[in-house]
Every structure is written in C-alpha cells, then in structure tokens.
1. Quick one: which of A:115-127, A:212-224 comes out on top by average Cβ neighbours within 10 Å, and what's the full order, highest first?
2. If the cut-off is a Cα-Cα distance under 23 Å, which lysines reach residue B:117, setting aside same-chain residues fewer than 8 apart in sequence?
3. I'd like the mean, over residues of A:132-140, of how many other protein chain beta carbons sit within 10 Å of each residue's own Cβ.
4. Evaluate the distance, in nm, between pseudo-label points positioned 7 Å from the Cα of residue B:137 and of residue A:261 along their respective Cα→Cβ axes.
5. Take each of the peptides B:58-71, B:146-159, average the number of other beta-carbon atoms within 10 Å over its residues, and list them starting from the highest.
6. Which FRET efficiency value, to the nearest 0.05, do you get for residue A:272 and residue B:5 by plugging their Cβ-Cβ distance into 1/(1 + (r/R0)^6) with R0 = 60 Å?
7. Give the Kirkwood hydrodynamic radius (Å, one decimal) of the stretch A:199-255, defined as one over the mean of 1/r across all pairs of different Cα atoms.
8. With every atom except the alpha carbons ignored, what do you get for Rg and Dmax of the stretch B:8-193, in angstroms?
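What follows draws every value from the coordinates through simple rules; no lab data is involved. Here the structure is a predicted model, which means the values were calculated and not measured. For neighbour counting, all protein chains shown are included, and Cβ atoms are generated from backbone atoms with ideal geometry for every residue, glycine included.
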Amino acid sequence: MLIKAPKTYELKENAVTDEKIYRDRRSLLKTMGYLGAGSLLSTSTQANVFDLFSKEKTEMFKSKPLNYLKDNSEFEQILTPESKVISHNNFYEFGTKKNQPIELSQEFKVDPWQLTISGEVDKPFTLSYDDLFKQFPLEERIYRLRCVEAWSMVIPWLGFSLAKLLKKAQPNSRAKYVAFETLYDPKQMPGQKNRRLGGGIKYPYVEGLRIDEAMNPLTLMSVGLYGKTLPPQNGAPIRLVVPWKYGFKSIKSIVGIKLVERMPATTWNILAPKEYGFYANVNPKVDHPRWSQASERRITAGGLFSRNRIETLPFNGYGEEVSDLYKNMNLMEDF
Amino acid sequence: MTWPLVSNKTKVNFFKSIIHFASLLPIISLYFSAFNDELGADPVETVIHFTGIGAFNLLLLTLLVTPIAKKFKQGYLMNLRRLLGLYAFAYALLHILNFIAFDLQFNMNLLLAEIVKRPYITIGMVAILLLTSLAVTSINRLKRKMGKSWQKLHNTIYIIILLVGVHFYWSVKSEVIEPTIYIIISIVLLFLRRRKFKF
C-alpha cells in the first residue's frame, strides 16, 4: 500500500475538484461547443452584495474548447483552481490590481490577430488568429508559475514549444536574442491609456530571452489553459510561458517576436533595473530588494487558513532542464 | 449648525455609534468572506491590504477631527478622536497580525529578517509600536497621571502618519499614485495645525 505523507501546502482530498470531474466537464463542454462553454462561464461569476454598486455587467469573454495532447507526466502538485487562475492576474494593461484584469478585459478582441515573427531570420512570417491553433499540434503542459511577488500557482497550459515557431522562421547566425512585444491598443487596453490604471509602466510591454533559453523545450507559447482558449486576462490569444523565470517574463497577448543580435530591453528592467534583471530566473538566494524570495505562497483552493507557504526552488524546480544554460554565469549578479 | 434640542452628549453618542458601525461591519464581512474563500484568489493579500488601507483611512480621519471641530465650532467632536484612534490601532494591529499569521505563517525567523532587511517593513514596525504606545496610554487614568508628557507622547501621531505614508509608498511595485495621494492628504492635515509645531 502506498502511503503518502501530505506536504503542508497540499490540500485535503475533499477540497480539490476531482480530476475526473474536470475532465468530464471538459468533454461535456466539447460536445456542447462554443455557446455552451460561453454561457457556463458567464453564469459562474459570483453575485455578491457589492454588485448593487457596480455598473451593468458586461458579457464574459467566450473561451473555446481546444483539442490537445494530454500531459501524462507524473505531477504530484495540486492544480490551482481555474476560477483563481482566471481571476488573479498581473496584467497592468487592464489595471494594476489583481482582480481588475478579469473585470476590464472581457470585451478584448482576439480575432482577428496577427503575430509576426521577424528580424534575423531567413523566412519571416505572420500567423493569423486561426493559425495560432492550427500551425502546431497543441500539448498540455502543467507548469508551476512563480510570480516575483512571492506567490505561485500550478496551471495546465495548452500550447507548443517556442522552438517550433522559431525554427519555422529559420533564424540566421546573428540571431542571439528573441524580443517579444505585447499589443499596443489603448482603446482596448485601459491601462495603456490611463496612468493610474496602468501603474506607470511604459507601453507596449516588451520582454526578451536569450536564443538558447527561447529554444529550450520547456519554453512554451501558450494559447489556452484548462482545456480552453486563453481568456483575455491570461494573455489571449497567445502568450509566452517560461516556467523557470518569474512570471513577468511570460509576456501576454503577443503581436511581435523579433530575433535580434543584442540583448533587448525588457519592461520591468527599464522601470527598476535594481529590482528586476533581464534573466529573472527564479532564485531563492537572490532576494527582491524589498522582499524575500526564499519562500512563496502557493495559491490553491482554500481560504485564509490554508497553510500554503512553501520553499522556493532554484529555477522554480526546473533546474535539471535549464541549469546548463547558465553554467558560466554568476547568477547573483545576472539576476 | 445648531441642534438646539439635542445635548452634546447625545451628539457624541450618535457619532460614536456611526464610528462603531462603520469600523466593525467591514471587518466582520471581510473575515467572513476570507474564511470561506470568497475573497478573490488570494484572500491573504486582500485581507492585508484592506486592513492596512483601513488603518490609514482611520488615522487620517482622526487627524481631521480637530480642524473640523475648530472650523465649525463644534467642540464636542473632539471627544471622537480617541475612538477613531483606537480603531486605527485595531486595524493596524490586524494588518500586522495578518501579515505574520497568514502571509509569513508564523515563520518568526523570516519575520525578524524582514524587519531588519526591508526598510518599508522596518518603518511599518516603528509606526505600529508608536501607535501601540498611544493606544495603551489612551485611558483616562493614565492620561491624568502622565500630565504634560501625555500630550508630548500623543503628538507622535504626526510622525506616525508620515511613517505610514512612506511605508505605503515603498511597499508598491510601480503604482505610486494612490500612496502619493495619501501622503499629500497627510501633509495637508499637518499643515492645518502648523502653529502647533515650534522650530
């Protein structure tokens, strides 16, 4: 008999949505199609006393069910509930408070979309909205997401390796870095228009990776989570997921990927270079100047009393896959 | 503003009831939601932010009483300062207890390290210690016993309000507008009583 000692951050069985139920629900969603999925989502918003004061409800964004290859790897950690993954977001384009993106992004238009891969490549190309889902087979990847603010989630993403996308464009020998850019559209993204909502960062949001980081098989271009297309607050229609780096590297709603020769500028590094480095690898030994990175709070189901503080692991626990990328570097300096 | 038939005592009681109601109700509803996981994805952060901002609001209200009482010649309002101040202290205490219990989860080594290493937490700790000394000495018996030194001690509220403003400003990542507004309001409230400060 297998006896498993529960870790403090693990939930009691009864607090977790059963895996089977969530798979079943997804197949139910699949058979019901678009309309079904959308209407289920829109009724899931909680009604509470504060609704009396809020403006009339806008309709919720409709996520579509996707076909994908299931992640069969053994993964013992408990998933963060979908309701929390889609309601606790840092996406300053839709407000700096965690609950603002889900409120302010529901009318965001993702179709039509254009994602351009250009720069130091032999075959630049542009993907349309439909291409994002058809170009490559979609895989499920269950990753830990560690925010620089010392909280974390476990999320079942759907997507494909960034490497596949880059190889299609055939990078040339000058391609040393990859620069990413989020959509700039102040009409749709209130944080880009209003400094108070947008937190005073310079838009469009830009991020970057070294080419070998970008080519690592873990580096994911995600188009969905929990079996469906991404909701806007999670970076629809396509976003980056780099699980061994702090969350702000995983840039959302990407319109441009450019291969470049020099290290590109990155948004948080421009804003506060002493607090956020280019690499931003999860590292319990390098504190943020204003808080410790040695541990984190894992967001799962459960209220105030869920004991969820866990140790932070180097490279967010993905050291085996990625530590070779940084062999000759001083990670205390190149944080 | 004259209410000829209502005694000052009744007025004070009326305002005090409002203060009790407006301070306690949000806290009860907050913890009720938080324990039931109905407070967003991260109830810990929400509870810490709510009690922190609540404490700051109550501190500013406490400092607003004297200018209003003077301006509108409503001396009885001065009797509300202690209750407001005590609620500010209660909120601040909940703020730090929530941080220790739910964020750090009683990791006391981490707490000590954070107090030493993080200026915004250091400042916050100084502010709560000063505020505690004001709350403890707020009972009438001690006030009489302490004589002149009581007023001196309680003037540290003007330092506390500035410490709290800096604590708020340093704690945010980039969204400095809200803390800036709080600091400006604090400075205006201090400016209104500039004659009190002798240089």
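1. Values: A:115-127: 16.5, A:212-224: 21.2.
In descending order of packing, they fall as A:212-224, A:115-127.
2. A:274, A:285, B:173
3. Values: counts 0, 0, 0, 0, 0, 0, 0, 0, 0.
Per-residue shielding by partner chains comes out at 0.
4. Each label point is offset 7 Å from its Cα along the Cβ direction, giving 6.9 nm.
5. Working: B:58-71: 18.2, B:146-159: 13.1.
Highest to lowest by the protection proxy: B:58-71, B:146-159.
6. Details: r = 60 Å, r/R0 = 1.00.
The calculated FRET efficiency here is 0.50.
7. Numbers: mean 1/r = 0.0825 Å⁻¹.
12.1 Å is the Kirkwood radius here.
8. Gyration radius and largest Cα-Cα distance of the stretch B:8-193: 17.3, 51 Å.
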